[in-house]
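Take a look at the structure below.
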Amino acid sequence: MENIVLCRIDDRLIHGQVMTAWLQYVEGNHIVIVDDGVSKDEFTISIMQMSVPQGVKLTVIPVSKAGETMNSIPDTDRVIILVKIPEVCIEMQKQGINLKKVVIGGMGSKKGRKKFYKNVSASNEEKKAFQQLIDSGVDTFIQILPEDKIKKIDNLL
């Protein structure tokens, strides 16, 4: 699974920053959304499919299928994984997906979350998941756009 070019936590999943900046920056050609709720929502999936540029594949799967799906993707694909919460990254690791780095993007304010860094909010559980990712050797940092400076989160936890 050396073909993962980006794993991004962003509760908006597919949006302008992903489609215009990150997709070009990492030269991705296959977006994999790992989310239980979205994988059951045919309407949202159809809207997302319309948002993806021609020539870019879109796969939307529940968390339980992440390992199986990633193992079936051709090595020639340059995969961008999008998830809403860091706990999904932990589960993907349990399924054998080797994440080298995780980029934290948009994690908006909602019940249970507090401001973590600038416009990024996180719950205590999400902070524990960040720490677990770091402890397992995954380079985990905040970077909203590719041209933004990387903000390590070790000292924010």
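General remarks:
- Calculated mean residue ellipticity at 222 nm for the chain: -7500 deg cm²/dmol, from DSSP H runs with n ≥ 4 weighted as -39500 (n - 2.57), summed, divided by the residue count and rounded to 500.
- Rounded if a/c under 1.5, otherwise prolate or oblate - region 22-67, Cα gyration tensor axes: oblate
- Highest average packing first - 12-18, 73-79, 51-57, Cβ atoms within 10 Å: 12-18, 73-79, 51-57
- Net charge over other residues, Cβ less than 15 angstrom from the Cβ of Asp77 (K, R count +1; D, E count -1): -1
- In loop segments of region 32-123 as defined by DSSP, there are no GluC sites (Glu not before Pro) with at most 13 further C-beta atoms inside 10 Å of their C-beta.
- Region 11-104: C-alpha gyration tensor shape, a/c 1.5 cut-off, then a/b vs b/c: rounded
- Straight-line reach from Lys40: taking Cα to Cα under 19 Å and skipping same-chain neighbours fewer than 8 places apart, the lysines in range are Lys57, Lys65, Lys84.
- Two-site FRET efficiency, Ile73 against Met19, from Cβ-Cβ distance with R₀ of 25 Å, rounded to 0.05: 0.80
- Sites Asp148 and Val52, calculated FRET efficiency, Cβ-Cβ separation with R0 22 Å, nearest 0.05: 0.40
- Local net charge near Asn124, Cβ-Cβ under 10 Å (Lys/Arg +1, Asp/Glu -1): +2
- Farthest positive-ward along the chain dipole, Cα basis, beta-carbon charges - from Leu157, Asn3, Gly67: Leu157
- Region 79-103 and region 10-38 have their alpha-carbon centroids 13 Å apart.
- Three-way shape label, the chain, alpha-carbon gyration tensor, a/c 1.5: rounded
- Near Gly37, once Lys and Arg are set to +1 and Asp and Glu to -1 for all other residues with Cβ below 15 Å from its Cβ, the sum equals -3.
Computed from the coordinates by the stated procedures, all read-outs in this text should not be read as laboratory data. Being a predicted model, the structure only gives us computed values, none of them experimental. Don't worry about glycine lacking a Cβ; one is built from the backbone with ideal geometry, like all the others, and counts go over all protein chains shown.
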